[in-house]
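Quick notes on the structure that follows.
The values are calculated or read from the model by the stated rules, or taken from the named source; none is laboratory data. Quick caveat, the model's predicted, so the values are computed rather than measured. Here the Cβ positions follow ideal geometry from the backbone for every residue, glycine too, while neighbour counts run over all protein chains shown. Protein only, heavy atoms only, side chains kept; ligands, DNA and RNA dropped before computing areas. Shrake-Rupley method; radii C 1.70, N 1.55, O 1.52, S 1.80 Å.
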Amino acid sequence: MSSTLLNSIDWKTSPLLPVIAQDVNSGEVLMLAYMNEEALSLTLQTGLAHYYSRSRQSLWKKGETSGHLQHVKEAYLDCDSDTLLLKVEQEGVACHTGRSSCFFNRIDVEETPKEPAKEIEAYSISDKIYHIIQERKKADPKSSYVASLLHKGDNSILKKVVEEAGEFCFACKDNDNKEIIYEAADLMFHALVALGAKNIHPSLITKELERRFGLSGIEEKNSRNEH
């Protein structure tokens with residue numbers, strides 16, 4: 001660990017550094033992510049890649065839930081001290097789509113990805129849906145329901161959330177368990193579309209619920225009034 005090079009990083013100017021992860025054996029570029037100072041420190045200490053997720057606003061160890069760890073064999077800082085390169089041994093795959101690399105969408109020619117997507121069971125369903133919503137932002141509105149909602153904008157998305165909330169309430173009033181579950185799923189799905197439109201990862205909602213856990217309703221309201 002070179003203290004001279006580490007000290008050359010201006011974390012105040014650039015609190016997040018882009019990081020390229022490259023397969024140490026094949027040279028294939030696997031992914032691009034970001035590190036804050038803590039993530040880089042943990043990476044160098046443990047030999048396992050740690051990153052900072054901008055969508056989740058939290059530190060994460062690559063492969064922590066999926067088991068697809070990145071073992072760091074070499075780490076480099078670029079000439080401007082603002083970009084990192086990791087040469088890694090990748091367990092499993094690097095991409096959340098189940099592909100070996102995140103770089104599979106070729107744009108200079110019309111080409112279908114050579115490697116098909118594979119489902120990774122470790123990711124939660126809300127995480128999978130969120131990623132799909134982000135992908136649908138680039139899709140043709142005529143071929144995708146989510147893309148059509150995103151294309152129409154906030155009013156259409158929020159109208160669907162209100163509509164689904166109403167249908168959920170009616171199902172509860174009718175004491176129809178099957179319909180309650182069905183309408184709750186519809187409501188949660190459209191809430192995820194609204195969150196995705198605003199680039200708010202569902203894990204941030206989980207973190208907020210965890211913050212509130214153990215607080216009384218009165219305490220929670222008071223804590224909001226203090227901000």
Query - Per-residue ³J(HN,Hα) for the range 195-204, Karplus 6.51 cos²θ - 1.76 cosθ + 1.60, θ = phi - 60°, Hz, x for Gly and Pro - result: 5, x, 4, 9, 6, 10, 6, x, 5, 5
**Report entry** Long-range amide H partners of residue 101 with built H, under 5 Å
**Finding:** 94, 95
Requested in this report: With mean projected area of the Cα convex hull in nm² defined as stated, name the option among [x] 17.6; [y] 14.8; [z] 16.1 computed from the structure displayed.
Outcome: [x]
Query - Neighbour cut-off at most 11 other Cβ (10 Å), DSSP loop, GluC sites (Glu not before Pro), the range 1-89 - result: none
**Report entry** Solvent exposure, largest accessible area first (probe 1.4 Å, DNA, RNA and ligands not counted), of 79, 169, 95
**Finding:** 79, 169, 95
Report task. Work out the FRET efficiency for residue 210 and residue 110 from their Cβ-Cβ distance, taking R0 = 35 Å, and round it to the nearest 0.05. Result -> 0.20
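In deg cm²/dmol and to the nearest 500, what is the mean residue ellipticity at 222 nm of the chain if only DSSP H runs of at least 4 residues count, each as -39500 (n - 2.57), divided by the residue total? Each step should come with its number before you reach the end.
Working: 8 runs with 96 residues, N = 227.
Mean residue ellipticity at 222 nm (helix-derived): -13000 deg cm²/dmol.
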Report summary line: Under a Gaussian network model of the chain whose springs join Cα atoms within less than 10 Å, the largest fluctuation of 145, 51, 130 belongs to 145
**Report entry** Net length gained if the chain between residue 64 and residue 83 were fully extended (0.36 nm per residue, minus Cα distance)
**Finding:** 4.5 nm
Query raised in the report: Counting trypsin sites (Lys or Arg not before Pro) as exposed when in a DSSP loop with at most 14 other beta carbons within 10 Å, what is the longest stretch of the chain free of them?
Result: 143-197
Query raised in the report: Want the number for residue 8 to residue 139: 0.36 nm per residue separation, take away the alpha-carbon distance, what's left?
Result: 43.0 nm
Report summary line: For the chain, the percent of accessible surface on carbon and sulfur atoms (probe 1.4 angstrom, ligands and nucleic acids excluded) is 54
Query - Distant-in-sequence amide H partners of residue 73 (H built 1.01 Å from N, under 5 Å) - result: 87, 88, 89
Query raised in the report: Put 9, 205 in order of accessible area, largest first, 1.4 Å probe: what do you get?
Result: 205, 9
Query raised in the report: How far is helix 154-173 tilted, in degrees, relative to the longest principal axis of the Cα atoms in the chain, given as a value from 0 to 90 rounded to the nearest 10?
Result: 50
Query raised in the report: Applying the Karplus parametrisation 6.51 cos²θ - 1.76 cosθ + 1.60 with θ = phi - 60° to the phi angles of the range 8-13, what ³J(HN,Hα) value in whole Hz is obtained for each residue in order, glycine and proline being reported as x?
Result: 7, 7, 8, 5, 5, 6
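State in Å² the accessible area per residue of the chain; use a 1.4 Å probe, count heavy atoms of protein chains only, and round to the nearest integer.
64
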Query raised in the report: Percent relative contact order of the range 127-226, based on C-alpha pairs within less than 8 angstrom and at least six residues apart?
Result: 27
Report summary line: Here, residue 152 and residue 38, labelled 7 Å along Cα→Cβ, have an inter-label distance in nm of 4.1
